[in-house]
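Report on the following structure.
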Amino acid sequence: MAVGFGLIVPAIPLFAETFGVNKTAVGFIISTFALARFATGLISGKLVDRFGERLVLGTGLFLVAVSSLLCGLAQSYWQLLVFRSAGGLGSSMFSVAASALLMRSVSDNQLGRAQSMYNSGFLIGGITGPSFGGLLTGLSLRAPFFVYAITLTCGSVLTFIALNEKRLGSKTSPKQDPADRILIRDALKNFPYRSALVFAFLINWVLFGMRNSILPLFVRDKLHGSPSIIGYGFTLSAIAQALILMYAGRQSDFRGRRFVILIGSFLLTLGVGTLVIANAEWYYFLSMVIFGLGGAFMGTGHANIVGDVFKGKGGQVVAVWQMAGDAGMIVSPILLGFLSDQYSYHTALVVTMGVAAIAFVLALYLPETRTKDEEVLN
């Protein structure tokens with residue numbers, strides 16, 4: 001699935017431009033997918049609570065497969081926009097369901113490593129997918145969408161076949177007991193959960209919003225880097241994250257969630273600070289390596305908090321956590337783009353450094369949630 005998503009990353013903007021639209025319209029197609037995920041997050045959570053993770057996960061994958069197929073068949077910009085946005089619901093469904101199932105199925109002392117393994121699948125897909133996608137776009141700009149649809153359909157079928165109690169060999173039910181579900185109003189009373197929401201927003205602000213919006217422009221305009229240089233930096237970041245991801249998961253299990261979040265938030269702050277003082281390309285490469293390391297620690301830690309506290313019992317609780325991250329991806333590009341236009345790249349980077357520092361300060365007050373007890377105190 002992650003490889004398939006990587007396939008369409010280089011194709012979406014190029015395909016959209018074939019309909020004769022400007023870059024703002026191209027960007028709108030990309031942002032509406034995140035907006036659709038955000039808008040349907042609670043719906044996905046309710047579906048998980050009502051029908052269970054297995055059904056929602058498999059159905060979500062199939063919906064994105066249909067959406068991708070229709071995108072490949074689109075004959076106008078507006079068709080592409082509608083079909084791509086519709087895929088946001090399916091994406092929200094399968095990501096909420098997958099996270100809830102992982103948190104509910106894995107014990108506390110293995111959750112960090114399990115989350116790292118889960119994240120590594122997306123990371124590997126993010127590294128290899130664009131390479132294959134680039135080859136496919138050379139054949140046809142529509143081809144990546146068709147291949148993605150096929151991979152998602154296979155994933156959907158595999159979900160329905162494999163994710164059942166008999167094949168898993170465990171007592172984990174494919175559907176939640178309604179008596180075990182956690183309500184959002186109760187979850188929000190828990191300080192570690194509220195902190196996890198903030199961490200999700202902040203990490204997506206830095207690692208997705210800032211890196212995918214103003215950073216390439218900053219490297220091009222201020223450091224005079226070529227598109228190849230920009231691409232090498234992202235590759236370095238992904239490799240650094242892949243190399244450290246399982247180690248970060250082990251540290252989360254053995255030394256605790258607070259420990260890895262402190263390390264991760266410090267590294268993210270350091271990475272943005274490196275960009276603030278950057279005046280040569282090597283600063284950019286260094287910052288991207290630091291981002292990769294920080295993302296490995298931070299991504300594992302804040303996800304584990306939700307699993308520790310609620311064990312995935314409550315699809316809406318997991319959905320709100322995911323929505324907090326989506327909100328960071330939506331707000332960050334808009335605000336940082338405005339700051340860059342009205343003031344400077346430096347201003348936008350300093351603000352982002354402050355955002356990363358907030359995560360570090362919050363982690364100082366975070367109680368450890370990795371516990372064998374059934375409940376984590378507020």
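Coordinate-derived values only; no laboratory data. What you see is a predicted model; the values in this text were computed from it and never measured. Virtual Cβ from ideal backbone geometry, glycine too; neighbours counted across all protein chains shown.
For each of Tyr77, Tyr193, Tyr343, count neighbouring Cβ atoms within 10 Å of the residue's Cβ, then give the residues from fewest to most. Walk me through the numbers before you get to the answer.
Details: Tyr77 19, Tyr193 24, Tyr343 12.
The fewest-first ordering by Cβ neighbours comes to Tyr343, Tyr77, Tyr193.
State, as an integer percentage, the relative contact order of segment 184-364 based on alpha-carbon contacts under 8 Å between residues 6 or more apart. Kindly include the intermediate steps, with their values, before the conclusion.
Values: 236 pairs, mean separation 72.4, N = 181.
It comes to 40 percent, rounded to a whole number.
Would you mind checking segment 205-248 for residues with the amide N under 18 Å from a putative spin-label position 7 Å along Cα→C-beta of Ser31?
Answer for this model: 205-218.
Roughly how many nanometres apart are two label points built 7 Å out from the Cα toward the Cβ at Tyr232 and Phe19?
Here the answer is 3.6 nm between the modelled labels.
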